[in-house]
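Peer 1: Provided herewith is a single structure, encoded as structure tokens, for subsequent inquiry.
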Amino acid sequence: MSHVGITVGVLGAPWRATIDGGGALVPWGTAQAQPRLDWWVAAEDRWHDPQRESSVRQRRIEGTPVVETRVRVPGGDVVHRVVAVADAGGVTVIEVENESAAAVAVVFSHGQLLMQRQPVDVNVAGRTIGDIDLPASAVSFPVAHGTSIRVGLAHGADVNRANGGRLPEGLPGAVAVARGWLRQTEAASRLVLPDEALVERVTAARCEIALGHLDDLGENPVDALIALGELVRMGVDAESLVGATATAAERLARSARRCGLDWDGAAALAAAQRLFIAAGDRRAADDVAAIRQRLGGAGAPLPADAPEGVQLVPWVEQRLATPLDNGSCVLLADGFDRAWLGANFEVHHLPAGPRSWVGYAVRWHGERPAVLWEVSGEPVELRGGVASTTWSSREARGESLWPAP
């Protein structure tokens with residue numbers, strides 16, 4: 001099943017929903033068959049439909065599945081935020097904040113909600129206002145300037161019963177939930193780069209992996225293996241994923257015998273090898289290593305443009321550290337991005353080999369970059385890429401002043 005939009009939910013529980021580009025919340029096929037939750041804003045000028053407004057802007061907070069959708073109204077924005085929390089048996093909280101200069105009314109498409117206060121009776125249900133057809137189940141809440149309204153979708157019928165239809169107090173807010181997601185995704189690797197948007201895209205890809213269903217990866221064994229590897233890096237038990245990994249690796253190997261192995265296929269098999277190592281399956285790890293050696297692909301040029309989806313993660317990491325089959329790892333193989341010159345940055349826990357990890361920081365001394373590194377796991381030779389072609393080291397940690405780019 002394909003879900004276009006941003007996935008929200010909590011780890012360790014099955015409830016999921018998609019947030020579309022207008023902020024509507026569409027629950028996946030749950031036992032409750034919860035309906036889609038749309039929203040509209042009645043401002044002093046007119047009714048605003050986020051599905052149609054050209055002023056709508058949407059973002060993930062720091063790349064996490066905490067979703068903010070803004071609609072422009074006279075005097076400012078009305079801000080719609082969605083965050084799923086595990087507290088109280090699982091609740092997705094929808095908060096609408098009025099940052100405009102005047103009061104507005106917010107209408108939701110149905111009232112199957114946990115609420116802080118009861119909706120007002122303004123007879124909007126079932127009406128057609130302008131070109132907006134409000135459903136018969138619609139409910140309305142006034143939101144004064146500088147205030148907000150919070151409602152919730154319970155992840156199970158027992159949550160509704162336990163709380164009597166009232167939204168529990170003290171649920172975590174957007175900032176706290178976003179921080180929790182960052183801790184989860186940064187368990188795989190932590191990137192502090194001058195390109196913050198790129199880092200957020202990596203976080204978003206990992207969150208989609210963590211909240212997705214493996215069935216949604218379809219027939220693409222490359223995406224499946226990369227996703228499985230990322231799950232283990234984020235703390236999922238590797239042994240539980242051995243069967244799915246073996247199946248996807250076999251399919252990729254069969255395809256590569258006919259079509260060859262590109263950079264992404266090599267990255268996928270490397271992820272499978274690391275997963276088998278984490279699961280303690282040495283034979284499977286050695287088999288995958290033999291396939292990679294036979295089919296090649298390691299060190300193949302990366303595409304110039306960043307790919308979408310799960311392949312973004314190895315694309316970014318290999319730009320920073322490229323493991324090779326000869327036991328070495330190249331740092332910054334293509335040199336420094338022009339926009340990064342003079343900007344300090346650091347990366348942590350990047351794959352440097354099947355059983356090796358590297359982290360390093362770049363600190364600028366005038367026009368010259370100083371590289372401070374640390375290797376964990378099995379020893380590996382680090383080499384400089386375009387930025388320092390003659391540099392190499394087998395030390396587990398150290399510092400080197402590279403030439404000016």
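The values are calculated or read from the model by the stated rules, or taken from the named source; none is laboratory data. Computed from a prediction, not measured in an experiment: that's the story for all the values here. Because the Cβ atoms are built from the backbone with ideal geometry, glycine has one as well, and the counts that use them run over all protein chains shown. Accessible surface areas use protein heavy atoms only, side chains included; no ligands, DNA or RNA. Shrake-Rupley method; radii C 1.70, N 1.55, O 1.52, S 1.80 Å.
Peer 1: I'd like the residue in segment 340-356 that is within 11 Å of TRP373 (Cβ to Cβ) and surrounded by 20 or more Cβ atoms within 10 Å (Cβ to Cβ) and, out of all such residues, is farthest from the chain's Cα centre (by Cα).
Peer 2: Per the stated criteria, the residue is ALA352.
Peer 1: Mind listing whichever residues of segment 344-358 are in a strand (DSSP E or B), in contact (Cβ under 8 Å) with a residue 40 or more places away in the chain and in contact with an Asp or Glu (Cβ under 7 Å, 6 or more places away or on another chain)?
Peer 2: Listed by number, the residues that qualify are LEU350, PRO351.
Peer 1: Can you tell me which residue in segment 357-376 is nearest to PHE276 (Cα to Cα), limited to those that are surrounded by fewer than 16 Cβ atoms within 10 Å (Cβ to Cβ) and touching a Lys or Arg at 6+ places or on another chain (Cβ under 9 Å)?
Peer 2: GLU374
Peer 1: Being under 22 Å from ARG355 (Cβ atoms) and open to solvent by 10 Å² or more (accessible area, probe 1.4 Å) narrows it down to one of SER240, SER189, SER255, so name that one.
Peer 2: SER240
Peer 1: Here are the criteria: (1) small (Gly, Ala, Ser); (2) open to solvent by 20 Å² or more (accessible area, probe 1.4 Å); (3) over 24 Å from GLU378 (Cα atoms). Tell me which single one ALA300 does not satisfy.
Peer 2: Among (1) small (Gly, Ala, Ser); (2) open to solvent by 20 Å² or more (accessible area, probe 1.4 Å); (3) over 24 Å from GLU378 (Cα atoms), the lone unmet condition for ALA300 is (3).
Peer 1: Right, next: Kindly establish whether ALA13 is more than 19 Å from the chain's Cα centre (by Cα), outside any strand (DSSP E or B) and either of a type outside the set (S, T, N, Q) or closer than 16 Å to GLY212 by Cβ (or both).
Peer 2: no
Peer 1: Please go through segment 95-113 and give me each residue that is part of a loop (DSSP other than H, G, I, E, B) and under 16 Å from ARG166 (Cα atoms), ordered by number.
Peer 2: Residues satisfying the conditions are HIS110, GLY111, GLN112, LEU113.
Peer 1: Could you list all residues from segment 378-391 that are over 13 Å from ALA321 (Cβ atoms), touching a residue at least 12 places away in the same chain (Cβ under 8 Å) and open to solvent by 60 Å² or more (accessible area, probe 1.4 Å)?
Peer 2: Hits for segment 378-391 are GLU378, PRO379, VAL386.
Peer 1: Next up: Would segment 114-121 turn up any residue that is open to solvent by less than 10 Å² (accessible area, probe 1.4 Å) and outside any loop (DSSP other than H, G, I, E, B)?
Peer 2: Looking for residues that are open to solvent by less than 10 Å² (accessible area, probe 1.4 Å) and outside any loop (DSSP other than H, G, I, E, B), one finds at least one in segment 114-121, hence yes.
Peer 1: Any idea which of VAL67, VAL56, VAL41 is touching a helix residue (DSSP H, G or I) at 6+ places or on another chain (Cβ under 9 Å) and under 20 Å from VAL106 (Cα atoms)?
Peer 2: Result of the check over VAL67, VAL56, VAL41: VAL67.
Peer 1: Further question: Within segment 309-323, does at least one residue satisfy the condition of being assigned to a loop (DSSP other than H, G, I, E, B), of a type in the set (Asp, Glu) and farther than 18 Å from SER400 by Cβ?
Peer 2: Scanning segment 309-323 turns up no residue that is assigned to a loop (DSSP other than H, G, I, E, B), of a type in the set (Asp, Glu) and farther than 18 Å from SER400 by Cβ.
Peer 1: Those residues that are closer than 26 Å to ALA197 by Cα and modelled with pLDDT of 95 or more, I need them from segment 271-305; list them, please.
Peer 2: Once the filter is applied, which keeps residues that are closer than 26 Å to ALA197 by Cα and modelled with pLDDT of 95 or more, segment 271-305 yields only ALA271.
Peer 1: Among the residues of segment 54-75, what is the count of those that are under 16 Å from ALA24 (Cβ atoms), open to solvent by 10 Å² or more (accessible area, probe 1.4 Å) and among the polar types (S, T, N, Q)?
Peer 2: So the count comes out to 1.
Peer 1: Which residues, taken from segment 182-204, are of a type in the set (A, V, I, L, M, F, W, C) and free of Cβ contacts under 8 Å to residues at least 12 places away in the same chain?
Peer 2: Hit for segment 182-204 is ALA197, nothing else.
Peer 1: Identify the single condition in (1) in a loop (DSSP other than H, G, I, E, B); (2) crowded, with 16+ Cβ neighbours inside 10 Å; (3) under 24 Å from the mean Cα position of the chain (by Cα) that LEU261 does not satisfy, given that it satisfies every other one.
Peer 2: It is condition (3) that LEU261 fails.
Peer 1: Report whether or not VAL202 is under 27 Å from ALA339 (Cα atoms), modelled with pLDDT of 95 or more and open to solvent by less than 50 Å² (accessible area, probe 1.4 Å).
Peer 2: yes
Peer 1: Of everything in segment 11-41, what is aliphatic (A, V, I, L, M) and open to solvent by less than 20 Å² (accessible area, probe 1.4 Å)? Give them in sequence order.
Peer 2: Within segment 11-41, ALA17, ILE19, ALA24, LEU25, LEU37, VAL41 meet the criteria.
Peer 1: Okay, moving on. Among the residues in segment 162-173, are any basic (Lys, Arg), surrounded by fewer than 18 Cβ atoms within 10 Å (Cβ to Cβ) and touching a His at 6+ places or on another chain (Cβ under 6 Å)?
Peer 2: No: segment 162-173 contains no residue that is basic (Lys, Arg), surrounded by fewer than 18 Cβ atoms within 10 Å (Cβ to Cβ) and touching a His at 6+ places or on another chain (Cβ under 6 Å).
Peer 1: Which of the numbered conditions does THR247 fail, given that it passes all the others? Conditions: (1) open to solvent by less than 60 Å² (accessible area, probe 1.4 Å); (2) in a helix (DSSP H, G or I); (3) not basic (Lys, Arg).
Peer 2: Failed condition: (1).
Peer 1: Oh, and also: Just wondering, is there one or more residues in segment 81-94 that are assigned to a loop (DSSP other than H, G, I, E, B) and touching a strand residue (DSSP E or B) at 6+ places or on another chain (Cβ under 9 Å)?
Peer 2: So far as segment 81-94 goes, yes, one or more of its residues are assigned to a loop (DSSP other than H, G, I, E, B) and touching a strand residue (DSSP E or B) at 6+ places or on another chain (Cβ under 9 Å).
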